[in-house]
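For reference, the structure is listed below as structure tokens.
FYI, it's all coordinate maths here, none of it is from the lab. Here the structure is a predicted model, which means the values were calculated and not measured. Here the Cβ positions follow ideal geometry from the backbone for every residue, glycine too, while neighbour counts run over all protein chains shown.
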């Protein structure tokens, strides 16, 4: 049940196609209604799309005249740029960890909240709170939480080491090329779990109780009911979440930008951060735009694959 | 309730409370640090309760940078962008949903197609556009480019189509103009959708980081996220001040959220995508 469609499904929407008496004045009138939107749309969406396409074939630092370089920007990125390969790897690392973890944790939370327990509103208030907070502020808080010497996370690791006698030393999260990415992932999960949970909760509330009752009569255990009733019944929501979270994960920016500045040595740098650096730090507008188009292509291909694959695993209600 | 079910609920509550503590921990840690003395911040193991409440951290943080101005900027930008988006997209959505004109379906498809283009692709050409228009480092740059949303237009069009067309017909019979139908029939009948969209847009604009980071330069033009980011650059180990600033940046929205939880959740889930 995606949000946009659920809104209109309750009412007979095809009625909107019936019109009153045809009036010749309506043509011009319609354009008047569209005008404010169209002007803004032309200036800030359409022209920029065309401009971005053209720009990706130029070398331009905004100061000296732009130089046409053909497909060099693309060629350089795809075949020569070692940093590009690195940020591509990092971005995939983020996507393949964040998306499944987010879905699993969100679904588990939603199922737990959907058992008719007391205090649902309070729990939801708490779990959803990070979603509305400002990413820059929380990224700074997580920097402090994950501080090597005085952060809470490492203090716990030390205490665990003391209590058990294990020889474990806590990581220097933000300055370790191995731990910087998990640090970003922890922040991202903490921030977005509430969103996934709330969407799943809405989907779970739409699963008819009779299905569970029927499964019970057939002798299905709790975990079987989860596997054979809950999972298929929310699969349309899962598909929706996979797509939008993948798009989000591929465009991760503020979290690593504030928390690690992409470091150490580009270990946590993402594609969008690299676009930002090229455009606004190195003055390579053309290369940055070419990179943005490559990112678009990646997102497009992955979304397409998801839409193709969904036929195999997404269960849609029939006869609705 | 059976014995077994009761036991299950107790385990559920334990699980959910542990989860809640994890969600709240960063907030508590932030609040606690923001009230500590500078020396106290660097103690090991970390203390959860400050020895005494150092409210002076807040005055120090707030005077170190023009946070009042950041607030004003964020507020102005978020309100103006939201109102502008609602106006332009509801007018366009009305035309798409209710008026007959040449090229309607094609134009609507163009709007929909642009939804696929990620904001990242538009970032650099929009930046160049803003410089070209002479808007760099101004409110214009912060307000106008983000205010044209194909997504909002799409959402409202879907909603408008759910309103019975008989209402329009009756009004037209009485001689009402299209503008009047938009303002007095369609808009009032879309209250919940518009409210949800408004919250979604306001929150998105209020928290937006990348665009204001790119188009502002002078401290007077910074919004809260951008101001906080530069504050962090300058006071990188003054954790008590950074945490005080973070509290100030988050607090108003959290307070409003406490009282209007349902609307926030509705705003973000109904409008779904959580992004452009």
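The distance from the alpha carbon centre of region B:221-261 to that of region A:269-320 is 30 Å, rounded to a whole number.
For region B:61-270, the Cα-based Rg and Dmax, in that order, read 20.1, 69 Å. Taking every pair of alpha-carbon atoms in region B:3-56, what share in percent sits in each 10 Å bin, from 0 to the bin with the longest distance? The percentages, shortest bin first, are 22, 33, 20, 16, 9, 1.
Gyration tensor over the Cα atoms of region A:71-134: the corresponding equivalent ellipsoid has semi-axes (square roots of 5 times the eigenvalues, largest first) of 42, 13, 7 Å. Taken as Cα centroids, region B:82-148 and region B:174-188 sit 24 Å apart, rounded to the nearest whole angstrom.
Normalising the Debye intensity of the protein assembly as shown to I(0), with uniform scatterers on Cα atoms only, and taking log10 at q = 0.06, 0.08, 0.09 Å⁻¹ returns -0.35, -0.62, -0.79. Among B:221, A:233, the ranking by other beta carbons within 10 Å of each residue's beta carbon, starting with the fewest, stands as A:233, B:221.
Ordering A:111, B:270, A:217 by the number of other Cβ atoms within 10 Å of each residue's own Cβ, fewest first, gives A:217, A:111, B:270. Between B:86, B:167, B:201, the Gaussian network model of chain B with springs among Cα atoms under 10 angstrom shows the greatest mean-square fluctuation at B:167. Mean per-residue shielding of peptide A:91-97 is 0, counting Cβ atoms of other chains within 10 Å of each Cβ. Each Cα pair under 8 Å and six or more residues apart adds its sequence gap; the mean of these over the residue count of region A:73-313 is a relative contact order of 30 percent. Semi-axis lengths, largest first, of the ellipsoid equivalent to region B:42-156 are 43, 18, 15 Å, with √(5λ) applied to each eigenvalue of the Cα gyration tensor.
Once you compute Rg and the Kirkwood Rh from C-alpha atoms, what is the Rg to Rh ratio for chain A? Using Cα coordinates only, the ratio equals 1.05.
Put in order of Cβ neighbour count within 10 Å, fewest first, the listed residues B:87, B:216, A:196 become B:87, B:216, A:196.
Note on chain A: helix-only mean residue ellipticity at 222 nm, from DSSP H runs of 4+ residues weighted -39500 (n - 2.57) and normalised by residue number, equals -20500 deg cm²/dmol.
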